[in-house]
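Just so it is clear, none of the values below were taken in a lab; they were calculated from the coordinates. The shown structure was predicted, so the numbers you read here are calculated from the model rather than taken from an experiment. Using ideal geometry, Cβ is built from the backbone for each residue, glycine included, and neighbour counts are taken over all protein chains shown.
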């Protein structure tokens, strides 16, 4: 969101909730959100959407959407490693997460990996990684190489499409990284099923 953008009449979060309510109502999409984790009453319109806002320079508003089902979302994880675990530890965590998911994440999957940040920031990085175009390369050579290694690790598991076995468990592994505390190495893995729904609009 450019800092010169002004939303009139309501907040951006309220506008996105109104759009979600309208979109799911007009297009007869599945209502999948419950109001409370235990009482399980359906909201009936898939609100509220989860919104993460990043403010930048400019006068444009870039909206990126990613509807996700819980088949893949439930198989995600966040682990606080020690810095001494290094890249090998991160690779192990990613492979173990995908292995534990098996067919439940509806492979072939896309694997979003967040590295760094804090406990709350790291999963956001993993989800942000899923917004990249499948198969796009990381701009940093080190992370590009790590993505390639992780994709080999994951496909070597042999889970295959829909868990029936094969060489293609994942279509891509994408990493987003951020600065972190000297004493920690947070790693989050967010899986996306083969129906990788995404949309983007710039206003």
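Between 46, 155, 190, which gets the highest mean-square fluctuation from a Gaussian network model of the chain, Cα cutoff 10 Å?
Residue with maximal mean-square fluctuation among 46, 155, 190: 46.
Evaluate the relative contact order of the range 12-60 (contact order divided by residue number), counting alpha-carbon pairs under 8 angstrom at least 6 apart; express in whole percent.
Details: 41 pairs, mean separation 17.2, N = 49.
RCO, the range 12-60: 35 percent.
Size of the range 61-203 along its principal axes in angstrom, Cα-based, largest extent first?
For the range 61-203, the Cα extents along the three principal axes come out at 42, 42, 28 Å.
May I ask for the equivalent-ellipsoid semi-axes of the range 11-107, computed as the square root of five times each C-alpha gyration tensor eigenvalue and listed largest first in whole Å?
With the √(5λ) rule applied to the range 11-107, the semi-axes are 32, 22, 13 Å.
Residue 18 to residue 60: extension gain in nm, 0.36 nm per residue of separation minus the Cα-Cα distance? Let's see the in-between values first.
Numbers: separation 42, 0.36 × 42 = 15.12 nm, distance 2.02 nm.
Result: 13.1 nm gained on full extension.
Only bridges with both residues in the range 70-196 count here: give the DSSP antiparallel percent, nearest 5.
Working: 11 of 20 bridges.
Percent antiparallel among DSSP bridges in the range 70-196 is about 55.
What Kirkwood hydrodynamic radius do you get for the range 63-146 when you take the inverse of the mean 1/r over all pairs of distinct Cα atoms, in Å? List each step's numbers first, then the result.
Working: mean 1/r = 0.0719 Å⁻¹.
It works out to 13.9 Å.
Relative to the longest principal axis of the chain, what angle (0 to 90°, nearest 10) does the C-alpha long axis of helix 86-101 take?
The angle comes out at about 70 degrees.
With a cut-off of 8 Å between alpha carbons and a minimum separation of six or more residues, what is the relative contact order of the chain in percent? Display every interim value, and only then the final one.
On the way: 381 pairs, mean separation 57.6, N = 203.
For the chain, the relative contact order is 28 percent.
Can you tell me the orientation of helix 141-155 relative to the chain, as the angle in degrees between its alpha-carbon axis and the longest Cα principal axis, to the nearest 10?
Here the helix axis deviates by roughly 80 degrees.
For the pair residue 4 and residue 33, what calculated FRET efficiency results from E = 1/(1 + (r/R0)^6), where r is the Cβ-Cβ distance and R0 = 45 Å, to the nearest 0.05? Before the final figure, lay out the partial values.
Details: r = 33 Å, r/R0 = 0.73.
About 0.85, to the nearest 0.05.
For residue 81 and residue 53 in one chain, what is 0.36 nm times their gap in residues minus the Cα-Cα distance, to one decimal in nm? The partial results should precede the final answer.
On the way: separation 28, 0.36 × 28 = 10.08 nm, distance 2.72 nm.
This chain segment gains 7.4 nm when fully extended.
Taking springs between alpha-carbon atoms closer than 10 angstrom, which of 26, 121, 147 fluctuates most in the Gaussian network model of the chain?
Result: 26 has the largest fluctuation of those listed.
In degrees, nearest 10, range 0 to 90: what is the angle between the Cα axis of helix 12-26 and the longest Cα principal axis of the chain?
So the helix axis and the longest Cα principal axis differ by about 90 degrees.
Between the range 120-145 and the range 19-75, how far is it from one alpha carbon centroid to the other, in angstrom?
With the range 120-145 and the range 19-75 each reduced to a Cα centre, they are spaced 22 Å.
For residue 183 and residue 100 in the same chain, what is the full-extension length gain: residue separation times 0.36 nm, less their Cα-Cα distance, in nm? Write down the numbers at each step before the final one.
Values: separation 83, 0.36 × 83 = 29.88 nm, distance 2.75 nm.
Here the answer is 27.1 nm.
Alpha carbons only, please: Rg and Dmax for the range 12-60, in angstrom.
Computed over the Cα atoms of the range 12-60, radius of gyration and Dmax are 13.5, 43 Å.
Taking the chain as a Gaussian network, Cα atoms linked when under 10 Å apart, which of 97, 180, 106 shows the biggest mean-square fluctuation?
180
For the chain, what does -39500 (n - 2.57) per DSSP helix run (n ≥ 4), summed and divided by total residues, give at 222 nm, in deg cm²/dmol to the nearest 500?
Values: 5 runs with 59 residues, N = 203.
Rounded to the nearest 500, it is -9000 deg cm²/dmol.
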